[in-house]
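Encoded as structure tokens, the structure appears first; notes follow it.
The values are calculated or read from the model by the stated rules, or taken from the named source; none is laboratory data. Note that the structure is a prediction, hence the values are computed from the model and not measured. Virtual Cβ from ideal backbone geometry, glycine too; neighbours counted across all protein chains shown.
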Amino acid sequence: MAAAEWYKEWFNSTFYHKLYFDRDEKEAEAFMQKLIDRLQPALSSRMVDIACGKGRHSKFLASKNFDVTGIDISPDSIQFAQQFETENLHFYVHDMRLLFWVNYFDYALNLFTSFGYFPTRREHDDAMRTIAGSLKPSGKLVIDYLNIHYVEDRLVHNEVKVIEGTSYEIHRWHTDTHFHKKIIVSDSSLLQPLVHEEQVAKFSLGDFTDMLSFQGMQITEVFGDYDLNPYDIRRTPRLILIAQKQSPL
């Protein structure tokens, strides 16, 4: 497995999901409901959940009668999510860098920092091109990313988490361009500890503005947390963007 594709193996791991998705489902649903209240999508809206994981956000959106498609690079996550498929909810294994349905969706969502993992800026531009291309003219995109300035100021360099009997020894550092995280997993089911190293690009509001505008997308709103309070470069933990695809002249 090439180092550049660390996410393919790690995102498919049961330990990844235990580490990151033990959070309260009600918290996730509250964020999604706030987005719905803000965006006011029509009930017939088609939505794509990009890097949907096991589909928790997709399931909630489908329960509100939207037509939802979830895509993710992890086969195991999609296989798990497919048990919840209905007439208005479908899941596919797909790499967000590659062409998907064109001019089809009214809304695209990329949540929980599910961007920034690729090794080159070109690959991120490819992903943004695919996302923009999947939207109808005037379609809207929601990106939920970390606020890099907030994280830089508050980075916890070393910690240990124990979740359901599994120990995660976590070491964090950052460079000019990326945040890095080394995770050592110890569990009774393992003959020896597993070691995974994550990296996520330091994309700022300016970076996203450039990437989106190059694909014909214009940022219309920026929020700083899951309650959709205003974004503050140093004081809010998230960078939540709403962008709209410009209609052709």
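Residue-by-condition table, conditions (1) among the β-branched types (V, I, T); (2) within 22 Å of Y16 (Cα to Cα); (3) out of contact with any strand residue (DSSP E or B) (no Cβ under 7 Å at 6 or more places or on another chain); (4) free of Cβ contacts under 8 Å to residues at least 60 places away in the same chain:
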residue: F84; (1), (2), (3), (4): no, yes, yes, yes
residue: A108; (1), (2), (3), (4): no, no, no, no
residue: T120; (1), (2), (3), (4): yes, no, yes, yes
residue: A132; (1), (2), (3), (4): no, no, no, no
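Comparison of D49, D67 shows that the only residue that is buried (at least 17 other Cβ atoms within 10 Å of the Cβ), of a type outside the set (A, V, I, L, M) and free of Cβ contacts under 8 Å to residues at least 24 places away in the same chain is D67.
Close contacts from the range 236-249, counting a first residue that is part of a loop (DSSP other than H, G, I, E, B) and a second that is among the acidic types (D, E), with Cβ to Cβ under 8 Å and a gap of 6+ residues or different chains, come to T236/D225; P237/D225.
For (1) assigned by TED's automatic domain parsing to the domain that holds S63; (2) part of a helix (DSSP H, G or I); (3) under 18 Å from V222 (Cα atoms); (4) among the charged types (D, E, K, R), each residue gets a yes or a no:
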position: D95; (1), (2), (3), (4): yes, no, no, yes
position: L99; (1), (2), (3), (4): yes, no, no, no
position: N103; (1), (2), (3), (4): yes, no, no, no
position: D125; (1), (2), (3), (4): yes, yes, no, yes
position: R129; (1), (2), (3), (4): yes, yes, no, yes
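For V151, the conditions (1) surrounded by 13 or more Cβ atoms within 10 Å (Cβ to Cβ); (2) assigned to a strand (DSSP E or B) all hold with the exception of (2).
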